[in-house]
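Where a number appears in this text, it was derived from the coordinates with a stated rule and is not lab data. These numbers come from a predicted model, not from an experiment. Please note: Cβ atoms are built from the backbone with ideal geometry, for glycine as well, and neighbour counts cover all protein chains shown.
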Amino acid sequence: MSFSAPKLCVADVSMTFKTPTGAFHALAPVTLSIPQGRFVSLIGPSGCGKSTIFNIIAGLLEPSGGRVLIDGVDATGTIGRVGYMLQKDLLLPWRTVLDNTILGMEIQHVPLRAARERALPLLHRYGLAGFEYLYPNALSGGMRQRAALLRTLLFDTDVILLDEPFGALDAQTKLKMQEWLMQLWSDFSKTVLFVTHDVEEAIYLSDEVHVMGTRPAASSRRSRSRWRARAFAAARSAPTFWSSRSAASNCSISIRRRPNP
């Protein structure tokens, strides 16, 4: 896959909240430049501003300074330019799996029949065949996350924000979901910004990993990685994978891009 000019640019974005005790600086100026089709992860300690960045990119927060550009166009404070999935699946319990996945298309005024016709083949292709007409309470945690990810994908934006989507899953399910996500990313070539606390997950999934410091988070340290071409178990067995993990844990990564085998 070739990478071109930035699809998403976060330009010197900062965030300060007013509180009764004075200004609270949640985010020092941060700059990110992400080309089309790139998979980029943000890692850092709790409270460092990762979710604040996501809320600003999604248009849910107006930054105190800086701009968000998508395809070179100012999208600061604009809702609907990106798909956004939180850690919780937030499936609506009164809707079937199929009708949960088409929610974004309904918001975009896609006719119900057309939306279902578009979603159904994806449910069959990506592991939810036979569950289309069940309700969320009949699904496992992994299946619920699949449905939520497909809902985000079907919102049909070029940029997708994933805020710890696998954080609540058990280790075995998490590994399966990581491989499944890589298949989705390969098939649809979306630009993905991914937040995780799991250093190994970030190294395995990402083209680039940005490590953020403590609050107020400033511009992050960037590194590159390409482990996804190998099975996760094989990647974990490589000594350089563990040296990368150790470096990332100390916010001083030295990860090299690996060519596909």
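General remarks:
- The stretch 113-188: C-alpha gyration tensor shape, a/c 1.5 cut-off, then a/b vs b/c: oblate
- Scalar couplings 3J(HN,Hα) for the stretch 109-118, obtained by applying the Karplus form with A = 6.51, B = -1.76, C = 1.60 to θ = phi - 60°, are 6, 6, x, 4, 5, 5, 5, 5, 5, 6 Hz; x denotes Gly and Pro.
- Note, ³J(HN,Hα) from phi for the stretch 183-196, Karplus 6.51, -1.76, 1.60, rounded to Hz, x at Gly and Pro: 5, 4, 4, 5, 6, 10, 6, 6, 8, 10, 10, 10, 9, 8
- For the stretch 13-22, putting each phi into the Karplus relation 6.51 cos²θ - 1.76 cosθ + 1.60 with θ = phi - 60° gives couplings of 7, 9, 9, 10, 9, 8, 10, x, 9, x Hz, in residue order, rounded to whole numbers and with x for Gly and Pro.
- With a threshold of 22 Å on the Cα-Cα distance, the over-threshold entries among LYS7/LYS50; LYS88/LYS174; LYS50/LYS190; LYS7/LYS88; LYS50/LYS88 are LYS7/LYS88.
- Checking every one of the trypsin sites (Lys or Arg not before Pro) in the stretch 50-95 against DSSP loop status and a limit of 15 other Cβ atoms within 10 Å picks out LYS88, ARG95.
- Across the stretch 80-147, the fraction of Cα-Cα pairs farther apart than 14 Å, rounded to a whole number, is 57%.
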